[in-house]
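For reference, the structure discussed in these notes is given below.
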Amino acid sequence: MTSFKDLNLIPELLQAVAEEGYTSPTPIQEKAIPLLLDGKDVLGCAQTGTGKTAAFTLPILQRLAAEPAIVGKREPRCLILAPTRELAQQIGDSVTAYGRRTAITGTTIYGGVSQGAQARAVRAGVDVLVATPGRLLDLMGQAIVPLNSVRYLVLDEADRMLDMGFLPDVLRIVRKVPLRRQTMLFSATLSREIVELAKELLHEPVRVDVAPSSTTVERVRQVVYHVSRNAKGPLLDRLVAMPDVERALVFTRTKRGANQVVERLNLGPIRADVMHADRGQSAREKSLESFKVGTTRVLVATDIASRGLDVDNITHVINFDVPDEPDAYVHRIGRTARAGAHGLAITLCDREEEGKLAAIEKAIRLKIPEGEMPGKAASGRAGGHAGAKAGAHTPAAPHGHAPAHAHAPVHAHAPAYPAPPAPDAAPARDERHGPGPAPLTASGEEPKKVGRLRQRHPRRR
């Protein structure tokens, strides 16, 4: 097995990596680090949670450390662009952790907070600048951030930046960066648009594919409950109350939906918090920190948290709403089973969402297993939601002992699937008068269904 020593990293970085608890590089690190140390442009694709950040951070730090000492004020020599504040902060933390034994300095700038401290940090001089596009353009417009010394450019989660409409901002920024540079573009997926963007920004890049687009993390066990919309809340109550749910991340489609789910969960004994774009930066940081240390057992979020959320030991990801795109599903469930662990992804699917589920199964080339409630006859998907009265289906048996009707094998080391109790196992909950699990019986009523911008960047070299 390859070790970090085999990658020709300097002792300062090897010691920092060891202090972070890592002994062996991941596939993306093993393939990308030698190329980047050799000065190649890289187009990298890897599943979330596979170490993309260290794959570009370590070689950049090593190359910067090998350059002559800077005399006078330091200007950014490396620019790392990230789509969200959370991801930018995590990359900045990695730069600090891995570079602690070098003289390399860095700072992170992002919106949602006052720019004062960030501007002062940049003016004081930095080697590595991690930024979100919006805040960077703001400070560039005020002549606070010079980019004429940048020799290393990284676009992380590039597909997410395109999805969020940042392409025009990214191109404006890249035009201010010298053409003679080393460029790295990393993405969880490599769509046609990403490949085209890479052709514009990278020079003779080496493509590193560790996993194909829309391939789910192998250690994540996946199951689906077919329920009516009204039965999702009561079923979620029971799922998060299971003893093996140590840390659960619940995804909703909308911010309003996230608020409603948290309000419902907090009527019971489970501590839940919410994270979405309407919350202030300090509130989001507080919610994330509480989730990391275990004070909050359940974090409910919109897809803002599906990329770059680096929290260890998330045992369960629950899709309260089926995501609109298969890629979003892949990124959501990639929040669990990180760093070699195993995890469980649960999807609650109502009748209106069947088409989205089918698209996900087609993209990941897997029919997600389903089950039936105890004491209820199996009906499959024929007829839509035969299990709606019960609210859900029983999952496959844990630890590889799959029942005869299982659709897919169960990973031998996956956590046991939390089978909810039968509907009459607990009293109903009155939403107005406090906690207590609600019955899984649903009324059966269904709610009513409610070019890329092409800009050429001049070729370099």
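The numbers here are math on the coordinates, done by the rules we state, and not lab data. No experiment lies behind these values; they were computed from the predicted model shown. Counting neighbours? That spans all protein chains shown, and the Cβs are built from the backbone with ideal geometry, glycine included.
Determine, for L139, L197, the number of other Cβ atoms within 10 Å of each Cβ, and report the residues in order from fewest to most. Please report the intermediate quantities before stating the final value.
On the way: L139 19, L197 25.
Least crowded to most crowded, the residues run L139, L197.
In this structure, the amide hydrogen of V206, modeled 1.01 Å from its nitrogen in the peptide plane, lies closer than 5 angstrom to those of D41, V42, L43, counting only residues at least 5 positions away or on a different chain. Note that the stretch 262-269 has calculated 3J(HN,Hα) couplings of 5, 4, 5, 4, 6, 6, x, x Hz, one per residue in order, obtained from phi through the Karplus relation 6.51 cos²θ - 1.76 cosθ + 1.60 (θ = phi - 60°); glycine and proline are x. Counting other Cβ atoms within 10 Å as a rough exposure proxy, the listed residues F251, F320, F291 run F320, F291, F251 from fewest neighbours to most.
Pairs over the 23 Å Cα-Cα cut-off, from the set K31/K199; K255/K292; K5/K40; K5/K31; K5/K52; K232/K286: K232/K286.
The R172 and E325 beta-carbon pair, evaluated with R₀ = 30 Å, returns a calculated FRET efficiency of approximately 0.70.
In this simple spin-label model, placing a label point 7 Å from the Cα along the Cα-to-Cβ direction at both A124 and A359 gives a separation of 4.7 nm. Residues of the stretch 86-129 falling in the label zone of I10, defined by backbone nitrogen less than 12 Å from a point 7 Å along Cα to beta-carbon, are 99-105.
The trypsin sites (Lys or Arg not before Pro) of the stretch 75-104 that meet both conditions, a loop assignment by DSSP and at most 15 other Cβ atoms within 10 Å of the site Cβ, are R100. In a fully extended conformation the segment linking E67 and E263 would gain 65.2 nm over its present Cα-Cα distance, using 0.36 nm per residue.
For the stretch 159-256, the set of trypsin sites (Lys or Arg not before Pro) satisfying both a DSSP loop assignment and a count of at most 13 other C-beta atoms within 10 Å is given as R175, R180. For the stretch 37-190, a simple Cβ point-charge model (Lys and Arg +1, Asp and Glu -1, everything else neutral) yields a dipole of about 540 debye relative to the Cα centre.
Taking only the Cα atoms of the stretch 143-294, the ratio Rg/Rh comes out at 1.07, with Rh defined as the Kirkwood radius.
At a Förster radius of 35 Å, what calculated FRET efficiency corresponds to the Cβ-Cβ distance of T254 and T295, to the nearest 0.05?
Working: r = 26 Å, r/R0 = 0.73.
Calculated value: 0.85.
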